[in-house]
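Engineer: Structure below; questions to follow.
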Amino acid sequence: MAARGNVLLALGLVGVLLGTGGCVADEPEPARSLPHPGVPTTSPTPNPAQEEFLQALRRTNGAPYRYAVRGDLPDGASVQATGAFDPVARLFESTTKSNDGKKTETDQRIVVGANSYARALADKTWVHLDLSRVKPDSLVWFDMADPTGLVKFTSMIGTVQQSGPNAYKGTFSPATSGLKPFIPLGAPSIVSLGVYSADFTATTNAQGWVTSITIEVQAAKGPALTMTTDLSGHGTKLGIKAPPKSKVDEAADIYYEK
């Protein structure tokens, strides 16, 4: 069970701490009493493009969708992922391939309600975790309310302009309070500290669904990190099911401790 426990913990941890302001912090950013720069502090009348895009994001956030991610990570690492999420039925699945520049690892997760099943692709057995028993500050906490980071992204939008038919560009704040990553969208791997405004571009379709979001975040050193998430299958049934019981082991009790 030691190996399977390690896999579970690896899936619960979310990878890389990124100090986009030029430093890597060892502790979570303290809570701020003032709003972050780049995020509106008042409620002025939004421009039509901004309201239109936010409406598309809210619509997309409220219905099932599939996604595909490709993104840069700090220090030459990268991540690719595919998955699906149904916020109403509380279903989620993902296959995430991460490369640190030396080796590639592929992990899978299926979540049905409060039941999480995780494994490395090479393993035949899944590890089951009862999310209702996991504390929010646990290393293996999984946020079923926003597993892809799309809700968080919506709340952190700063400005939006229309750049073409069904096309938008704008700014958002990649910074978070504490160690709660939400980028790349669909494969949250990075906690961003120190920068409160980054650029994004996005597209929607004729039905008003968001179909693509590309974000660019400046790393503490080196080039900016580019991350693209494509969304499809909006509003359709996903058919996500838990793995067969014969292929599932229970997580050790240690994972339910703080």
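The values are calculated or read from the model by the stated rules, or taken from the named source; none is laboratory data. Quick caveat, the model's predicted, so the values are computed rather than measured. Note that each Cβ is placed from the backbone with ideal geometry, even for glycine, and that neighbours are counted across all protein chains shown. Just so you know, the surface numbers come from the protein's heavy atoms only, side chains and all, with ligands and any DNA or RNA stripped out. Shrake-Rupley method; radii C 1.70, N 1.55, O 1.52, S 1.80 Å.
Engineer: Of everything in region 205-228 that's assigned to a loop (DSSP other than H, G, I, E, B) and among the aliphatic types (A, V, I, L, M), which residue is surrounded by the fewest Cβ atoms within 10 Å (Cβ to Cβ)?
Structural biologist: ALA206
Engineer: Any residue at all in region 207-217 that's at pLDDT below 95, of a type in the set (A, V, I, L, M, F, W, C), within 15 Å of the chain's Cα centre (by Cα) and closer than 21 Å to SER163 by Cβ?
Structural biologist: yes
Engineer: Given the options LYS169, LYS241, LYS152, name the one that is in a loop (DSSP other than H, G, I, E, B) and open to solvent by 20 Å² or more (accessible area, probe 1.4 Å).
Structural biologist: LYS241
Engineer: Looking for something surrounded by 13 or more Cβ atoms within 10 Å (Cβ to Cβ), at pLDDT 95 or above, in contact with a Gly (Cβ under 9 Å, 6 or more places away or on another chain) and among the aliphatic types (A, V, I, L, M) - is there at least one such residue anywhere in region 105-114?
Structural biologist: No, region 105-114 contains no residue that is surrounded by 13 or more Cβ atoms within 10 Å (Cβ to Cβ), at pLDDT 95 or above, in contact with a Gly (Cβ under 9 Å, 6 or more places away or on another chain) and among the aliphatic types (A, V, I, L, M).
Engineer: Right, another one. I'm trying to understand the selection: among the residues of region 175-194, which are closer than 22 Å to GLY62 by Cα and either touching a Phe, Trp or Tyr at 6+ places or on another chain (Cβ under 8 Å) or not hydrophobic (A, V, I, L, M, F, W, C) (or both)?
Structural biologist: Listed by number, the residues that qualify are LYS180, PRO181, PHE182, ILE183, PRO184, LEU185, GLY186, PRO188.
Engineer: Taking the condition of being hydrophobic (A, V, I, L, M, F, W, C) and either open to solvent by 40 Å² or more (accessible area, probe 1.4 Å) or touching a Pro at 6+ places or on another chain (Cβ under 6 Å) (or both), how many residues in region 229-238 meet it?
Structural biologist: So the count comes out to 1.
Engineer: Next question, about the same structure. Tally the residues that are open to solvent by less than 30 Å² (accessible area, probe 1.4 Å), in a loop (DSSP other than H, G, I, E, B) and aliphatic (A, V, I, L, M), restricting the search to region 172-190.
Structural biologist: So the answer is 2.
Engineer: Another question, if that's okay. What number of residues within region 155-166 are open to solvent by 10 Å² or more (accessible area, probe 1.4 Å) and out of contact with any helix residue (DSSP H, G or I) (no Cβ under 8 Å at 6 or more places or on another chain)?
Structural biologist: Here the count works out to 6.
Engineer: Mind telling me which of the residues ALA77, ALA84, ALA89 ends up being of a type in the set (Gly, Ala, Ser), open to solvent by 30 Å² or more (accessible area, probe 1.4 Å) and in contact (Cβ under 8 Å) with a residue 24 or more places away in the chain?
Structural biologist: Checking each option against the conditions leaves just ALA89.
Engineer: Also, quick follow-up: Which of the residues that make up region 121-137 are more than 21 Å from the chain's Cα centre (by Cα) and open to solvent by 40 Å² or more (accessible area, probe 1.4 Å)?
Structural biologist: Within region 121-137, ALA122, ASP123, LYS124, ARG133 meet the criteria.
Engineer: Just checking, does region 58-67 include any residue being among the charged types (D, E, K, R), at pLDDT 95 or above and out of contact with any strand residue (DSSP E or B) (no Cβ under 7 Å at 6 or more places or on another chain)?
Structural biologist: Yes: one or more hits.
Engineer: Which of the residues spanning region 191-204 are more than 16 Å from ALA68 (Cβ to Cβ), assigned to a strand (DSSP E or B) and open to solvent by 40 Å² or more (accessible area, probe 1.4 Å)?
Structural biologist: Answer for region 191-204, where residues must be more than 16 Å from ALA68 (Cβ to Cβ), assigned to a strand (DSSP E or B) and open to solvent by 40 Å² or more (accessible area, probe 1.4 Å): ASP199, THR201.
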